[in-house]
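The structure under discussion appears below in the form of structure tokens.
The values are calculated or read from the model by the stated rules, or taken from the named source; none is laboratory data. All values reported here derive from a predicted model rather than from experimental measurement. Glycine also receives a Cβ, built like all others from the backbone with ideal geometry; neighbour counts cover every protein chain displayed.
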Amino acid sequence: MLNKFFKKTKYITVSQESLRRNEEVDKKPSIPDGMWVKCDGCGEVLYKSDLEDNNRICSKCNHHFRLTAKERINLIIDKDTFVEFDKGMKTANPIAFEGYEEKIQKMNRNTNINEAVITGTGDIFGEQIVICVMDSFFMMGSMGSVVGEKITRAVEKSIELKLPLIIFTTSGGARMQEGMFSLMQMAKVSAALSKLDKEGLLYITVLTDPTTGGVTASFAMLGDIILSEPKALIGFAGKRVIEQTIRQKLPEGFQKAEFLLEHGFIDKIVSRNDLKNTLKKILLIHNRSRY
Ligand SMILES: [Zn+2]
């Protein structure tokens, strides 16, 4: 019985036709209809098209609004160079969690993606890389079997193609609907990254708001270089849980990118508007040092 349970397929592949339908819906903007958007950082009401022109950063307080994985890829990867891996991979409810399939279907409809990560290859100013971008709009970017499998395959592709790997993280943690299968993804991805490391290939992580739980406790913090967007929430357990456990008040700004930079957990905080240039510089330095 237990044997059967482990052998159960944890993901399936969806048809090309449904992927095409999703692509048609993709063309719609992701910000809700309306001309104005209220900033979560300072409360200022911002003109939507100004916000989009500024890569969804508040011009008043520098608050970085969350991006979908597709928006992120459009921002970072050179036009028409992105080739996606494993686009049709979809979860098959490995522990038969009640209501999970319906929830996933609803997420597919709302976000037009099949899972909480998009992986593929593309160029950054002509430098080819393998990229994984998590999406917090899909079940809070939680990591289940498909997220783990897609990232592991992308790492293996990096090794095969001898390309640098960049992962943009955003996650609420492990996906509870997949029980221990989601926790196992931490070890699986980390083991693949260890192979990448032995091959001497570059691995950059870019932490975006929020990066928490099992993702922080595994591949988010394993980057050779760890970048973060300003004021991103980065942590393992929630602040309230920690305070209740240790019965102590936590310092101001705890679990914010700035606090983590000060304490040596991350290498640099980079504004979204400078991110592509910064990544290009790191890639060029690395390429030069290899020859
Ligand atoms: Zn603001």
Checklist entry - Consider H64 against the criteria (1) buried (at least 20 other Cβ atoms within 10 Å of the Cβ); (2) more than 16 Å from the ligand (Cβ to nearest atom); (3) within 21 Å of K48 (Cβ to Cβ); (4) not β-branched (V, I, T): it satisfies all of them except one. Which criterion is unmet? => result (2)
Next on the checklist: Would you confirm whether or not the stretch 39-61 contains a residue that is at pLDDT 95 or above, on the phi > 0 side of the Ramachandran plot and among the basic types (K, R)?
Outcome noted: yes
Checklist entry - Looking at (1) surrounded by fewer than 20 Cβ atoms within 10 Å (Cβ to Cβ); (2) away from the ligand (no atom under 16 Å from the Cβ); (3) at negative phi; (4) modelled with pLDDT of 95 or more, can you tell me which one A92 breaks? => result (4)
Checklist entry - If you check L196, L163, which single one turns out to be of a type in the set (A, V, I, L, M), under 17 Å from T119 (Cβ atoms) and in a loop (DSSP other than H, G, I, E, B)? => result L163
Checklist outcome for this item: Residues in the stretch 210-265 that are in contact (Cβ under 8 Å) with a residue 24 or more places away in the chain and basic (K, R) total 2
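Just the residues that are of a type in the set (S, T, Y) and part of a helix (DSSP H, G or I), please, taken from the stretch 236-291. Explain how you work it out, then say what you get.
Step one: filter the stretch 236-291 for residues of a type in the set (S, T, Y), giving 245, 271, 278, 289, 291.
Answer for the stretch 236-291, where residues must be of a type in the set (S, T, Y) and part of a helix (DSSP H, G or I): T245, T278, S289.
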Item to check | Index of the failed condition, L161 passing every other in (1) more than 21 Å from F65 (Cβ to Cβ); (2) under 12 Å from the mean Cα position of the chain (by Cα); (3) surrounded by fewer than 21 Cβ atoms within 10 Å (Cβ to Cβ) | outcome: (2)
Item to check | Total residues in the stretch 67-83, condition acidic (D, E) and either crowded, with 18+ Cβ neighbours inside 10 Å or modelled with pLDDT under 95 (or both) | outcome: 1
